[in-house]
Amino acid sequence: MSYIGGRKVRTGRVVSDKMDKTVVVAVETLRRHPLYKKAIRRTKKYKVHDKGNVCKVGDKIKIVETRPLSKEKRWRVIEIISRKESAEAEPVETGENDSDLYHT
């Protein structure tokens, strides 16, 4: 857990950007099971203020704790660490004639 000036800082991935000036960020933490010692992945979702609507689904961002901005928003985006690489779909040549594909 890291802090900036006494405020908690987390790193997570944007899972939803459908709201205006708000994104939902999933933050994963690894914990060790107290008895079995297996690493357990815990995911917590935070509603985060995104002032300029710049975050998109899949982006890795850094968020910081802030005063309550709404009923559920208590975090702000401070940095976009990495963008999700969008895979542009390109047509693939199969070498076969398209009419042969639909021949019965």
Legend entry - Among residues of segment 35-80, those that are without any contact (Cβ under 8 Å) to a residue 40 or more places away in the chain and of a type in the set (Phe, Trp, Tyr), counted: 2
Legend entry - Identity of the residue in segment 11-44, of a type in the set (Lys, Arg) and closer than 17 Å to ILE80 by Cα, that ends up farthest from the chain's Cα centre (by Cα): LYS21
Inset, instruction - Kindly provide the set of residues from segment 33-89 that are surrounded by 10 or more Cβ atoms within 10 Å (Cβ to Cβ), assigned to a strand (DSSP E or B) and among the basic types (Lys, Arg), ordered by number. - result: LYS44, LYS45, LYS47, LYS60, LYS62, ARG76
Inset, instruction - Considering every residue within segment 57-69, establish whether at least one is more than 20 Å from VAL9 (Cβ to Cβ) and touching a strand residue (DSSP E or B) at 6+ places or on another chain (Cβ under 6 Å). - result: yes
Inset, instruction - Return the only residue of ILE63, ILE81 being in contact with a Ser or Thr (Cβ under 9 Å, 6 or more places away or on another chain), aliphatic (A, V, I, L, M), at pLDDT 90 or above and more than 15 Å from LYS21 (Cα to Cα). - result: ILE81
Legend entry - Some residue of segment 2-12 being over 17 Å from LYS60 (Cα atoms), assigned to a strand (DSSP E or B) and hydroxyl-bearing (Ser, Thr, Tyr): yes
Inset, instruction - Quick one: in segment 10-29, of everything that is more than 20 Å from GLY52 (Cβ to Cβ) and hydrophobic (A, V, I, L, M, F, W, C), which residue is surrounded by the most Cβ atoms within 10 Å (Cβ to Cβ)? - result: VAL27
Inset, instruction - Looking at (1) out of contact with any Cys (no Cβ under 9 Å at 6 or more places or on another chain); (2) part of a strand (DSSP E or B), find the lone condition where ASP17 falls short. - result: (1)
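The values are calculated or read from the model by the stated rules, or taken from the named source; none is laboratory data. This structure is a prediction, so every number in the text was calculated from the model and none was measured. Note that we place each Cβ from the backbone using ideal geometry, even for glycine, and neighbour counts take in every protein chain shown.
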